[in-house]
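Scroll down for the structure; my scribbles are underneath it.
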Amino acid sequence: MKRKLVRKLAVAAIVSLIALVPLLAETESGAALRPTFGFADADFYWAQFKGGVEGFELVPGVSSAALLYLGAGYYSDSYYRDAAGARLVDPSLAFAGASFNEWGSETRLGLDLGLVPKSQGEGNLLTLQLYLRDVWKTNVGAPAAYSSTALDGAGYLENSLLARLDYAGVELDIDTRTREGLNAEASVEWAPSFLLNNLIGKAHWWRLNSRIAGFLPIVKTSAFGLYVGDRLVLDAVGGPSLPSHIQRQIGGFKAGKAMGGAVRGIDSYRYDGNVKIVNNFDVRATLPAIFGKGLVPELFVFTDQGFVDNRDYFATPGQLLLTAGGGLVLDFLAGSSPLELGYYVTYNLTERAWSFFNFIILGYQF
């Protein structure tokens with residue numbers, strides 16, 4: 001009884017702190033709070049929206065926000081290990097029975113605390129994010145042969161605390177649709193058991209993540225643009241109760257699929273692990289715009305590399321992943337931001353297999 005009370009008080013204290021910060025900041029600086037609402041993310045069968053208040057300043061002249069993200073829908077996932085923990089190996093790459101679906105929701109409540117403003121344009125150059133993250137998933141048809149021994153085999157309810165430092169130095173040239181500059185981030189996420197993480201499933205874990213992405217334009221004209229981009233991701237997880245879905249993700253503010261998904265051309269969620277290293281390299285060419293600046297066709301080629309342990313922190317040899325490919329992107333101008341939809345083909349050099357059904361929804365890989 002006493003432990004349950006401590007858990008409830010801990011959650012209540014975190015939520016109250018998030019709610020109080022913008023009110024206290026407004027009292028000290030006199031900045032006017034204003035509501036903000038918008039679209040956050042989506043895929044084929046799920047969507048996420050955000051809303052909150054912005055305009056308060058912890059650092060003079062730098063805007064901050066208190067935000068709530070709400071998302072729900074029908075998600076996909078896959079097990080690529082058997083009940084004994086061995087990786088599934090299928091030369092045909094069909095992996096029959098390994099995939100399943102989930103009904104679920106994801107909520108994030110927290111603060112975007114501006115530390116350094118951009119010298120030009122809107123937004124912050126350096127932002128500290130502090131969030132309480134809640135994810136609920138219930139499995140639909142999860143294969144018992146693979147999920148029976150997993151801590152999250154029947155689904156999960158998971159709460160975590162996330163702190164992330166984000167440097168946003170990349171600038172987009174709307175006229176040529178080329179990018180230039182550097183983005184970097186570092187985050188730590190903690191999901192202790194006392195945050196109600198043993199109600200559905202079982203979880204007590206930590207995650208460290210860092211990313212750096214840079215872009216360099218080579219040609220910038222109204223008729224043709226050419227630029228290169230590279231992203232490096234480092235990710236590590238651990239803890240006394242580590243659910244399988246955490247080992248199939250790469251963390252950060254928005255957890256993504258790994259290694260399949262992070263390395264293009266590898267099936268989503270394949271090659272799970274506790275330590276993951278990913279490098280993505282793109283060469284992107286922008287073609288003459290259609291409908292003014294409203295639509296810009298783009299061609300791109302890429303090569304990806306990944307290195308992942310066998311859920312043992314490299315006590316045994318890790319797995320090297322190599323892929324390459326290319327495709328077409330249609331870059332729509334939605335207000336002042338691009339909306340990128342596309343298709344690409346990949347060749348998996350590790351498994352010597354082609355992949356012809358790959359789609360870009362809402363944006364490039366990085």
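Please give the FRET efficiency for residue 34 paired with residue 230, using the beta carbon to beta carbon distance and R0 = 51 Å, rounded to the nearest 0.05.
Values: r = 37 Å, r/R0 = 0.73.
About 0.85, to the nearest 0.05.
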Inset, instruction - Would you mind listing how long region 162-204 runs along its three principal axes, going by Cα atoms, in whole Å with the largest first? - result: 52, 18, 9
Inset, instruction - Give the relative contact order (percent, whole number) for the chain; include only Cα pairs under 8 Å separated by 6+ residues. - result: 9
Inset, instruction - Quickly estimate the mean residue ellipticity at 222 nm for the chain, helices only: each DSSP H run with n ≥ 4 gives -39500 (n - 2.57), and the total goes over all residues, rounded to 500. - result: -3000 deg cm²/dmol
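Output the peptides 165-172, 303-310, 198-205 sorted from most to least packed, where packing is the average of other Cβ atoms within 10 Å over each peptide's residues. Mind showing how you got there, number by number?
Numbers: 165-172: 16.2, 303-310: 21.4, 198-205: 18.8.
Highest mean packing first, the order is 303-310, 198-205, 165-172.
Using 0.36 nm times the number of residues separating residue 328 and residue 345, minus their current alpha carbon distance, what extension gain do you get?
On the way: separation 17, 0.36 × 17 = 6.12 nm, distance 0.95 nm.
This chain segment gains 5.2 nm when fully extended.
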Legend entry - Extension gain from residue 336 to residue 174, taking 0.36 nm per residue of separation minus the Cα-Cα distance: 57.5 nm
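Exceeding 26 Å between C-alpha atoms, which entries from my cross-link table qualify? They are 118/254; 50/118; 257/293; 202/257; 50/220.
Numbers: 118/254 23 Å; 50/118 23 Å; 257/293 33 Å; 202/257 21 Å; 50/220 34 Å.
From 118/254; 50/118; 257/293; 202/257; 50/220, over 26 Å: 257/293; 50/220.
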Legend entry - Inter-part distance where region 62-81 and region 235-258 are each reduced to a Cα centre, Å: 14
Legend entry - Simple spin-label estimate for residue 138 and residue 103 in nanometres, 7 Å along Cα-Cβ: 0.5
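Throughout, read-outs are computed from the coordinates displayed, never taken from laboratory work. Please read all numbers here as calculations on a predicted model, not as lab measurements. Cβ sites come from the backbone with ideal geometry, for glycine too, and all protein chains shown count toward neighbours.
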